[in-house]
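This report concerns only the one structure given below.
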Amino acid sequence: MKNRIYIKDLKNNIGKEIVIAGWVDVRRDQGKMVFFDIRDMTGKAQCIALPSRIEAIEMAKEIRPEWVLKITGIVNKRPDKNIKDDVLNGDVELEAVNIEILNKAETSAIDLSTDGYEIGEEHRMKYRYLDLRRGRMQKNIRNRHKVVKFIRDYLDKENFIEIETPILSKSTAEGARDFIVPSRLDKGKFFALPQAPQQHKQLLMASGMEKYFQMAKCMRDEDLRGDRQPEFTQLDMEMSFVEKEEVMNLNENLLIEIVQKLYPEKEIQEIPFPKISHKEAMEKYGNDRPDLRKDKNNKNLLAFCWVIDFPFFEKANKDNNPQAEGEWTFTHNPFSAAQAKFHDDLLNKRNIPNILTNQYDITLNGFEIGGGSIRNHEPEALLAVYDIMGVKKEETEKNLFYMLEAFRSGTPPHGGIAWGFDRLMMILENEPNIREVIAFPKTGEGKDLMMGSPSEISDKQLKELGIKLI
């Protein structure tokens with residue numbers, strides 16, 4: 001819009017006639033004068049329509065909350081008695097000279113004047129484009145952008161490159177259920193949406209990229225809870241020629257800088273982050289994501305912790321791996337490497353319950369916010385993992401031929417980590433669940449009420465895909 005300035009810059013234009021545009025926040029008609037607040041993405045300002053500006057005051061009497069306006073006005077200093085300290089534009093107001101209505105709005109379906117916690121989720125999700133207008137949600141999403149930008153800049157300086165990996169992939173046994181996508185051109189066959197970029201990032205290490213990252217979309221068809229969504233975001237990274245301490249140190253330093261630079265009001269309880277074994281965590285805290293905060297009432301206290309020395313395998317059941325085919329399943333990732341002292345045990349399929357893996361999890365205030373490992377880069381080790389889980393060599397060779405061929409082509413030792421980025425943002429923003437830091441999340445039941453999905457598809461579409469519903 002020609003000559004428009006942002007509301008945050010009003011203070012730099014005192015005495016000048018300027019143009020702003022935005023949404024009506026509140027309106028107060030006092031008869032002779034009309035006051036109303038207008039907001040854009042940078043903040044709010046008070047506008048006043050005076051009786052001497054006949055056209056402006058007549059228009060101001062008509063406007064209602066959430067109408068979209070273009071306002072030409074003069075920036076004036078507020079009288080001393082009306083100055084509001086510590087508020088954006090608390091010392092200035094805009095005298096409206098001309099008001100142009102860009103779009104009218106019907107009465108809002110949800111109240112936007114509060115923080116929104118008191119409103120039922122079904123209403124907030126149905127009208128998410130309205131819900132996102134509230135100040136708290138604007139802050140959350142904009143701060144999420146700042147953290148992502150900080151991560152990108154930090155990793156760029158560390159010689160990482162950002163590489164996108166495919167969304168249409170292959171269904172493989174990785175723990176959770178896949179979301180399946182039917183192929184129209186190859187009827188009877190299916191793509192899967194990625195649970196994580198695990199295999200592609202290892203293939204990038206085979207490709208000689210050495211340092212990779214991306215803000216990756218991941219999809220898992222699993223039961224939901226407050227810190228889990230069917231579609232979520234990971235900070236995914238992988239490095240070649242590293243040991244686990246190098247991966248852990250880089251990620252620890254990145255997390256510390258994020259907090260210190262972007263959330264200076266928060267305190268990290270202990271630096272460097274403490275490290276405890278999985279065995280100690282289970283015995284002392286009863287879980288593998290201990291909350292180590294000394295004061296759990298301090299919302300700005302951050303207690304990071306590394307959990308290490310995980311068992312590689314556990315007894316399989318429908319809860320820990322619905323796709324498991326044998327007696328054993330992996331605790332974290334079938335592509336992890338065993339610790340060096342257990343490498344022979346893995347290859348010989350012995351001492352299975354005692355094999356420890358090079359897995360490391362990062363926890364924060366009782367949440368797992370990241371997990372990674374040094375990976376298998378030898379084909380025989382990967383075959384052994386699947387053999388222990390009840391998958392025969394011939395089947396693994398068929399299903400993971402590309403991974404095994406890559407490992408046989410000269411893949412370097414490598415390792416990495418993936419952060420649950422939504423969980424991290426939830427904690428940094430002091431929110432109760434990850435839906436508060438995602439622009440368009442699903443409900444707790446995995447539905448998109450705004451667009452009405454999942455939804456039925458037409459008979460024509462089913463026929464094109466060669467699918468019959470039963």
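Quick look at the values:
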quantity	calculated
Conditions (1) over 23 Å from Asp178 (Cβ atoms); (2) open to solvent by 10 Å² or more (accessible area, probe 1.4 Å); number of the one not met by Arg220	(1)
Subset of the stretch 184-196 (residues that are touching a residue at least 12 places away in the same chain (Cβ under 8 Å) and either open to solvent by less than 80 Å² (accessible area, probe 1.4 Å) or under 30 Å from Gly116 (Cα atoms) (or both))	Gly188, Ala192, Leu193, Pro194, Gln195, Ala196
Options Ile20, Ile71, Ile38, Ile7; residue that is within 19 Å of Ser108 (Cα to Cα), in contact (Cβ under 8 Å) with a residue 24 or more places away in the chain, open to solvent by less than 10 Å² (accessible area, probe 1.4 Å) and aliphatic (A, V, I, L, M)	Ile38
Odd one out for Gln269 among (1) touching a strand residue (DSSP E or B) at 6+ places or on another chain (Cβ under 7 Å); (2) open to solvent by 40 Å² or more (accessible area, probe 1.4 Å); (3) modelled with pLDDT under 95; (4) polar (S, T, N, Q)	(3)
Matching option when the condition is among the polar types (S, T, N, Q), over 23 Å from Asp236 (Cβ atoms) and open to solvent by 60 Å² or more (accessible area, probe 1.4 Å), among Asn287, Asn297	Asn297
Leading residue by the ranking (least open to solvent (accessible area, probe 1.4 Å)) among those in the stretch 130-170 that are outside any strand (DSSP E or B), among the acidic types (Asp, Glu) and in contact with a strand residue (DSSP E or B) (Cβ under 9 Å, 6 or more places away or on another chain)	Glu158
Selected residue [more than 26 Å from Ile434 (Cα to Cα) and modelled with pLDDT under 95] from Ser240, Ser171, Ser207	Ser171
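Per-residue answers, yes or no, for (1) hydroxyl-bearing (Ser, Thr, Tyr); (2) touching a helix residue (DSSP H, G or I) at 6+ places or on another chain (Cβ under 8 Å):
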{"site": "Ile18", "(1), (2)": "no, yes"}
{"site": "Gly43", "(1), (2)": "no, yes"}
{"site": "Arg64", "(1), (2)": "no, no"}
{"site": "Thr72", "(1), (2)": "yes, no"}
{"site": "Asn82", "(1), (2)": "no, no"}
{"site": "Leu88", "(1), (2)": "no, yes"}
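Conditions tested, residue by residue: (1) aromatic (Phe, Trp, Tyr); (2) touching an Asp or Glu at 6+ places or on another chain (Cβ under 6 Å); (3) in contact (Cβ under 8 Å) with a residue 40 or more places away in the chain; (4) open to solvent by 40 Å² or more (accessible area, probe 1.4 Å).
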| position | (1), (2), (3), (4) |
| --- | --- |
| Phe241 | yes, no, yes, yes |
| Lys244 | no, no, yes, no |
| Asn249 | no, no, no, yes |
| Leu255 | no, no, yes, no |
| Val259 | no, no, yes, no |
| Tyr263 | yes, no, yes, no |
| Ile276 | no, no, no, no |
| Glu280 | no, no, no, yes |
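The values are calculated or read from the model by the stated rules, or taken from the named source; none is laboratory data. What you see is a predicted model; the values in this text were computed from it and never measured. Positions of Cβ are generated from backbone atoms using ideal geometry, with glycine treated the same way; all protein chains shown enter the neighbour counts. With ligands, DNA and RNA removed, areas are computed over all heavy atoms of the protein, side chains included. Shrake-Rupley method; radii C 1.70, N 1.55, O 1.52, S 1.80 Å.
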